[in-house]
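Student: One structure, pasted below without further comment.
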Number of protein chains: 2
Amino acid sequence: MDSLSSTLARAIVSSRAEDLNEATLVEARRALVNYLGCALGGAGHPAMDIALRALGQFSGPKNAAVLGRREETDMSLAAFLNGISSHVHDYDDTTPSNYIHPTSPVASALFAYASVRPVSGRDFIHAFVLGFDTVTRIGDATYPAHYKVGWHSTGSIGIFGAAVAIGRLLGLDEKGMLWALGLAATQSSGIRDNFGSMAKAFHPGDAARGGLQAAFLAREGFTTGTTPLEGPRGFAAVTAGGQFDHTGFLDRLGTHFRFEGNTYKPYPCGIVIHPTIELCSSIHAEGVDPARIADVECRVAPLVRDLCDQRPDSGLQGKFSIYHAAAIGLVRGRGGLDEFTDEAVADPELSSMRGKVRATPDPSIGEDAVKVIVRLDDGQEIERFLEGSLGNLRCPLSDAQLAEKFLGQTQGIAGADIHALLARCWRIDDEQDVGDLARSAR
Amino acid sequence: MDSLSSTLARAIVSSRAEDLNEATLVEARRALVNYLGCALGGAGHPAMDIALRALGQFSGPKNAAVLGRREETDMSLAAFLNGISSHVHDYDDTTPSNYIHPTSPVASALFAYASVRPVSGRDFIHAFVLGFDTVTRIGDATYPAHYKVGWHSTGSIGIFGAAVAIGRLLGLDEKGMLWALGLAATQSSGIRDNFGSMAKAFHPGDAARGGLQAAFLAREGFTTGTTPLEGPRGFAAVTAGGQFDHTGFLDRLGTHFRFEGNTYKPYPCGIVIHPTIELCSSIHAEGVDPARIADVECRVAPLVRDLCDQRPDSGLQGKFSIYHAAAIGLVRGRGGLDEFTDEAVADPELSSMRGKVRATPDPSIGEDAVKVIVRLDDGQEIERFLEGSLGNLRCPLSDAQLAEKFLGQTQGIAGADIHALLARCWRIDDEQDVGDLARSAR
């Protein structure tokens, strides 16, 4: 019997662009529109300036576009930088079945590659679909074991998608694709100790770069083991306590591509605190005066406390703080990019409100839900419950909302015609050469 | 109380070169001599050609020396390539307390760095000692949990040493050193599924490069979490089931540097099959005719079967085959570089002998021992036992043997004056600028 890894490699190399159905293409385009907005919106973040200062000196031929930046770098470094910019605001897509942000590592490598070598829109979206599907399948097969131990799977699993996508564009054969998977598995990394710091966005960057290099190494014949996913010392054994749902992984492999579980964020922060922002914003909209709030209790799924228990000192930490989420909703009635800056976290009114918020783990509350109990200074209690906030699977962002999000993230960007860029991204598979689009997005 | 990671960072940044005692320097020099021979000896391996073909296109300014090669690359890629060459023959040093090859990831980064920026021999060996000690301490503190789950800790722990060594040369302050450790922890990777393939040597290469880049990123202010080693989602929790021997780790941190457990290999293959090669070679030397051997039983520690159970098709796989180890000893009476080529593995006489070898796990046998029972075609049995083979802690290679090994690995190299290079490496801390030595070793 063929190994699982070989079966995956064969499915990737034998896939044909014409086998993608319209439903898959529609979601793939939505993912890429959301991605490009995030990359452009994050391109000016200090983490990008720092990464360029530190690693720009090692850049090879400066022929690749870094999305949203004037600087050019080599293809590999551009993949890394795109990964940082597209994830640094924690605004990119999320698949709640495994909590991976699947597009950033894959598309970051693809846009960098396409900015140097000609790639048709059709081949681009095909490679993207294969990479995205690989990430989602490995993520689903190893969730929750892999995630729970503390991996940031956007990096540690995202790298497989980048390797597969670039491997496909390089035309790897089955053996080469297996080696690309082997090199991805052996670079798989990224720990959750870094949530709330720049290093969180390092993860998809490193995955995009590592996956891209894995594909180039594999093409030249750099050998690996043959069971990177399922071997006794392979990815699942080493990083997921051996959990790997073989049956689920193989289900409709090569014929169905798992985009149906993807979601897009209306708030630039950890997805599990979105219900809290929305519910607290609606309490604010009811006219509850923040100055009269004495105490706030958020009843949340245990995972929310696990992920978002930070008492923040920085904007990046604020993105993983259930306390900050409640505070911005109650005080400002919104949770936009401006609510997750260092300044917002230092805002005395928000800081004071955070101090009044408690978060109680409650296993009866779903991960997409929250119960908020606000006690006012006169003892009055306001109790509200929300399940399935905006952006959730049950309440997805519409195309119009995605476009609005894109424009909101890119409004400060000079030079490029943002509306034209957005229109082209909606029809990315019609592009003759995606490199032209990538270069327009500098 | 300070966190463990902060304590380590502070010990690194406050260390002074003059605090190293002579015993430490002696072993550090021996490690570097052994390292340089391995790097020069492995520089011509096909894995190096492939890596250069695949990744040379992304090289930045070609101002760094790749040990043993004519080509120059940027510093970061040179660190990666040095890591491959110095480990690809599995001939580099080993610390049996944790089975890490500690010098390759650290020295590979250091030689690349020093080939571009001036570094005195004294600063070089000091940074090396700090990196080596960090690797050994983290390795000891997490052994066996980290290793047993399937990590190739030469990569997954080696990266901390590279980050610390380069961070030290860059003059990081305590906070910067903590971030360098954070970025090392979050890139920690390398799985044992790749034993017997080129990807095994990818691991120290990737660690050298990743550690170097971690230090450069940290210097510019790329932030990370603050508990990369000990946090609930830090390195030990995520990769070692939470095992971390705090007390052992902190024991004499900053005053004693753990070189006393390091060993140098007389055979270019997995260390746990060295006793088998030596014992079978001595049976060969007794005059036992290989043609008369009907059956061979090797009783070995269970770890030997775990690590070296391969039925090899390539030279690299032969390095992890207890069967091949017995065969080369019995048939050829030796285990040099020529016994671990693809040709040797394909040799019909060796292949036939491998088919006669069984390996029985026996918990009463130590990891540095073996019992071999050879049955001849007339039924006669020869039983021999060996404990502590050459190169073992109890039987270390002398300086003269290290020099002989160095010269044996470098005999085919044209251009450089190998004897002069060796002499300088023995006194590396006297060099005014190690870059000059590194450039001489191209």
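Student: Where the centroid of each part is defined by its Cα atoms, how far is the stretch B:63-111 from the stretch A:109-130 in Å?
Tutor: 34 Å
Student: Which aspartates and glutamates, if any, have their Cα less than 18 Å from the Cα of residue B:175, not counting same-chain residues under 8 positions apart?
Tutor: The qualifying aspartates and glutamates are A:193, A:313, B:2, B:220, B:230.
Student: Here is a further query. So if I take the centroid of the Cα atoms in the stretch A:369-429 and the same for the stretch B:323-361, what is the distance between those two points in Å?
Tutor: Result: 64 Å between the Cα centres.
Student: What number results when the radius of gyration of the stretch A:179-262, computed over Cα atoms, is divided by 2.2 N^0.38 Å?
Tutor: 1.24
Student: Let me ask you something else. What 222 nm value per residue comes from the helices of the protein assembly as shown, counting each DSSP H run with n ≥ 4 as -39,500 (n - 2.57) and dividing by all residues, nearest 500 deg cm²/dmol?
Tutor: -15000 deg cm²/dmol
Student: Run the reach check for residue B:265 against lysines, Cα to Cα strictly under 26 Å, same-chain hits fewer than 8 apart removed. What comes back?
Tutor: Excluding near neighbours in sequence, the set is B:148, B:200, B:319, B:371, B:405.
Student: Relative to the present Cα-Cα distance, how much length would full extension add between residue B:14 and residue B:378 at 0.36 nm per residue of separation?
Tutor: That pair, residue B:14 and residue B:378, stretches by 124.2 nm at full extension.
Student: How high is the relative contact order of the stretch B:271-387, in percent, with contacts defined as C-alpha pairs under 8 Å that are six or more residues apart?
Tutor: Worked out over the stretch B:271-387, it gives 38 percent.
Student: In addition: Could you pull out the trypsin sites (Lys or Arg not before Pro) across the stretch A:1-101 that fall in loop regions by DSSP (anything but H, G, I, E, B) with no more than 12 other Cβ atoms inside 10 Å?
Tutor: A:16, A:70
Student: Let me ask something additional. Determine which residues of the stretch B:212-256 fall in the zone a paramagnetic label at residue A:343 would reach in this model, i.e. backbone nitrogen under 15 Å from the point 7 Å along Cα→Cβ.
Tutor: Counting backbone N atoms under 15 Å from the label point, the list is empty.
Student: Where does each of B:426, A:179 land when they are ranked from fewest to most other beta-carbon atoms within 10 angstrom?
Tutor: So the ranking, lowest neighbour count to highest, is B:426, A:179.
Student: Continuing with the same structure: P(r) tail for the protein assembly as shown, what percent of Cα pairs lie past 49 Å?
Tutor: When every Cα pair of the protein assembly as shown is considered, 21 percent fall beyond 49 Å.
Student: When the gyration tensor of chain B is built from Cα positions, what are the square roots of 5 times its three eigenvalues, in whole Å, from largest to smallest?
Tutor: The equivalent ellipsoid of chain B has semi-axes of 37, 24, 19 Å.
Student: May I ask which residue of chain B has the beta-carbon nearest to the axis carrying chain B onto chain A, and at what distance in whole Å?
Tutor: Spelled out as residue then distance in Å, it is B:189, 2.
Student: Moving to a separate point now. What is the antiparallel percent of DSSP beta bridges lying wholly in chain A, to the nearest 5?
Tutor: 80 percent
Student: Expressed as an acute angle from 0 to 90° and rounded to the nearest 10, what is the orientation of the C-alpha long axis of helix B:199-220 relative to the principal long axis of chain B?
Tutor: Long axis of B:199-220 versus the principal axis of chain B: about 10 degrees.
A short reminder: the numbers here are calculations on the coordinates, not readings from a lab. Just so it is clear, the structure is predicted and the values come from calculations on it, not from any experiment. Cβ coordinates were reconstructed from backbone atoms using ideal geometry, including for glycine residues, and neighbour counts include every protein chain displayed.
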